[in-house]
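Trainee: The following block contains the structure, expressed as structure tokens.
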Amino acid sequence: MPRWRVPDGNAIVMLPGRLTRWKGQLLFVEALARLKSRMGPEDFRVTGLLVGSDQGREAYRRELEECIDKKGLGGDIQIVGHCDDMPAAYMMSNVVVSASTDPEAFGRVVAEAQAMGRPVVVADHGGASEQVIAGLTGWRFTPGDPQALADTLETALAIGDDARTVLAERAAEHVRANFAKSGMCAATLRVYADLFETAKP
């Protein structure tokens, strides 16, 4: 289980992914700053977690740390580095974010989080768009727009327990039905079989 110091009672918003600019960590910081400004410091009970190694990108890590301090989020966002137990990390999160500024071909984090029944907020492009049914298994926001991300996070954090349970069940079933490894392998083999049949003389 990850050993992170998170204040009791705080909602946890997690962005998993190696520390690299296009993964959207700076966008995440700006969105949480706007959300805190809107809610007010006294009512802002949110902890943001940036989970992932910098893989030697020390300058970018320092830039992130400086941005967090500049935005007044020093006690609200943690850069926690690599995590060996992502299932546990997902389960302790209230919302999982994929904020990539460039489209990803798939984006495994989105499927993993939904499979664990976690609400997801994703940039509406690339593979993430195909994985999330907006409003039913998660939420999508305009890529690169910190205000849109802040608004969408507010919506995701505000859902009640009953709605959260329904969303979790729907999201997990959606991933099992459409993105399970067994289904992917079967679909790939069908493509090869079709090509083989087409190539026959």
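No value in this document is a laboratory result; all are computed from the given coordinates. All of these numbers come straight from a predicted model, not from anything done at the bench. Reconstructed Cβ throughout: ideal geometry from the backbone, glycine too, with neighbour counts over all protein chains shown.
Trainee: Out of [x] 1.05; [y] 1.03; [z] 0.98, which label holds the value of Rg/Rh (Cα atoms, Kirkwood Rh) that was computed here?
Mentor: It is the value labelled [y].
Trainee: Then there is this: What full-extension length gain, to one decimal in nm, is calculated for VAL6 and GLU63 as 0.36 nm per residue of separation minus the Cα-Cα distance?
Mentor: Result: 18.3 nm gained on full extension.
Trainee: First measure r as the distance between the Cβ atoms of ARG45 and SER182, then evaluate 1/(1 + (r/R0)^6) with R0 = 41 Å and state the FRET efficiency to the nearest 0.05.
Mentor: With R0 = 41 Å, the Cβ-Cβ based efficiency is 0.55.
Trainee: Rank-order 124-133, 160-169, 26-35 by packing density, defined as the average count of other C-beta atoms within 10 Å over each peptide's residues, highest first.
Mentor: The densest-packed peptide leads the list: 26-35, 124-133, 160-169.
Trainee: If a/c stays under 1.5 just call it rounded; otherwise compare a/b with b/c (prolate if a/b is bigger, oblate if not). Do that for the range 1-99, with a ≥ b ≥ c from the square roots of the Cα gyration tensor eigenvalues.
Mentor: Judged from the Cα gyration tensor, the range 1-99 comes out oblate (a/c at least 1.5, b/c at or above a/b).
Trainee: Could the peptides 41-52, 77-88 be put in order, highest first, of the mean number of other beta-carbon atoms found within 10 Å of their residues?
Mentor: My ranking of the peptides, most packed first, is 41-52, 77-88.
Trainee: Is the shape of the range 110-198 rounded, prolate or oblate, going by the alpha carbon gyration tensor and its root eigenvalues a ≥ b ≥ c, with a/c under 1.5 for rounded and a/b larger than b/c for prolate?
Mentor: Cα axes put the range 110-198 in the oblate bin.
Trainee: Going by Cα centres, the range 118-186 and the range 1-67 are how many Å apart?
Mentor: Each part reduced to its Cα centre gives a spacing of 19 Å.
Trainee: What FRET efficiency, computed as 1/(1 + (r/R0)^6) with R0 = 30 Å and r the Cβ-Cβ distance, is obtained for LYS70 and ILE159, rounded to the nearest 0.05?
Mentor: 0.45
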